[in-house]
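These notes concern the structure reproduced below.
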Amino acid sequence: MKSNLSILVIDDDKFHLDILVSKLKSLKYSNLRLANTYNEAISSLMESLPDIIITDYYLDHNKTALDIFKNVNVSFPTPIIIISSYFNHEVLDQIKEIHPIDFLSKNDSEFELDKTIMLSCNKLEKIAKNSPLHEFVLVKTGKFLKKITIDQIEYISVYGKYLKIISEATPYLVRSSLNDFAAKLPENFIKIHQSYIININFVQSINVDENMVNLKTIQIPFARAFKKLLLSKYYIP
């Protein structure tokens, strides 16, 4: 994981930049991008966003880390760690407006640096896991990430350790639990069985006697536990 984590390191003091880079390499972080000036930091961020940003608070030409994030749209929730040898309450009040954010002293140990990076990444993973899906989802197919429009998903089923997403009659495999995936989907998706989530927009008919839902391309069983939910929400007698 550490070797794949892209980190942008920003410090206008070459001496302190080299020390920080040395610490990161000692901790096995190898995918590093360096910026020794405010302008280099801006250019690097405009080119592409890293997985995490570690920056000195005070930069050259009377700029600060806050100036960077005022001029570049760093998409939430990219973790930002600000490092400085001097903090006061005024700085703290300004820093806390950046989210998500953490800060360290330049004198902190390698352990403190590693801990902060790891905790920031864990926070990011939890945020991503709990964030709802909106218009589309990206699914890995071979060397590529396939864009699947959420409204084109007909159903999702359990497939061993994976989930099978059916979109436009094409199956895609993702590693997730059914409950975790269901929590990220909009309201037109309903879990009707321990192994199935359906997009209600694809329902053609429901066989109440046999507990079967007829979708556009398949017939899927629904458990009795979900029958009441399904009918109470959509059935008009």
Amide H within-cut-off set for SER167, under 5 Å, with H built and near neighbours excluded: GLU154, TYR172
Relative counts (whole %) of C-alpha pair distances in the range 2-130, using bins that are 5 Å wide: 2, 10, 23, 26, 23, 12, 3, 0, 0
Local electrostatic count at LEU138 - Lys and Arg +1, Asp and Glu -1, tallied over other residues with Cβ under 12 Å: +2
Base-10 log of normalised Debye intensity for the chain (one unit scatterer per alpha-carbon) at q = 0.09 Å⁻¹: -0.55
The range 136-234: Cα Rg divided by the 2.2 N^0.38 Å rule of thumb: 1.06
Cross-link partners of LYS28 among lysines (Cα-Cα below 20 Å; sequence separation of 8 or more within a chain): LYS2, LYS106, LYS115
Extension gain, ILE200 back to SER43 (0.36 nm per residue minus Cα-Cα distance, nm): 51.9 nm
Environment charge at ASN39 (Cβ cut-off 13 Å; Lys +1, Arg +1, Asp -1, Glu -1): -4
Amide H contacts under 5 Å for SER176, placed H, 5+ residues apart: LEU163
Residue-span extension gain [LYS96 to LYS14] - 0.36 nm each, minus C-alpha spacing: 26.9 nm
Full-extension gain in nm, ASN107 to LYS227, via 0.36 nm per residue minus C-alpha separation: 37.1 nm
Burial ordering of VAL208, VAL213, fewest other beta-carbon atoms within 10 Å first: VAL208, VAL213
J(HN,Hα) series, the range 189-199, from Karplus relation 6.51 cos²θ - 1.76 cosθ + 1.60, nearest Hz, glycine and proline x: 9, 10, 7, 10, 7, 4, 10, 9, 10, 10, 8
For HIS16, HIS193, order by how many other beta-carbon atoms lie within 10 Å, fewest first: HIS16, HIS193
Alpha-carbon centroid distance for the pair the range 166-237 / the range 25-55, whole angstrom: 45 Å
For PHE181, PHE111, order by how many other beta-carbon atoms lie within 10 Å, fewest first: PHE111, PHE181
Cross-link table LYS70/LYS123; LYS164/LYS191; LYS70/LYS147, entries beyond 25 Å C-alpha to C-alpha: LYS70/LYS147
Amide H contacts of LEU34 (H built 1.01 Å from N, under 5 Å, at least 5 apart or other chain): VAL9
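Just so you know, all these numbers are worked out from the coordinates, no wet-lab data involved. Just so it is clear, the structure is predicted and the values come from calculations on it, not from any experiment. Note: ideal-geometry Cβ built from the backbone for every residue, glycine included; neighbour counts use all protein chains shown.
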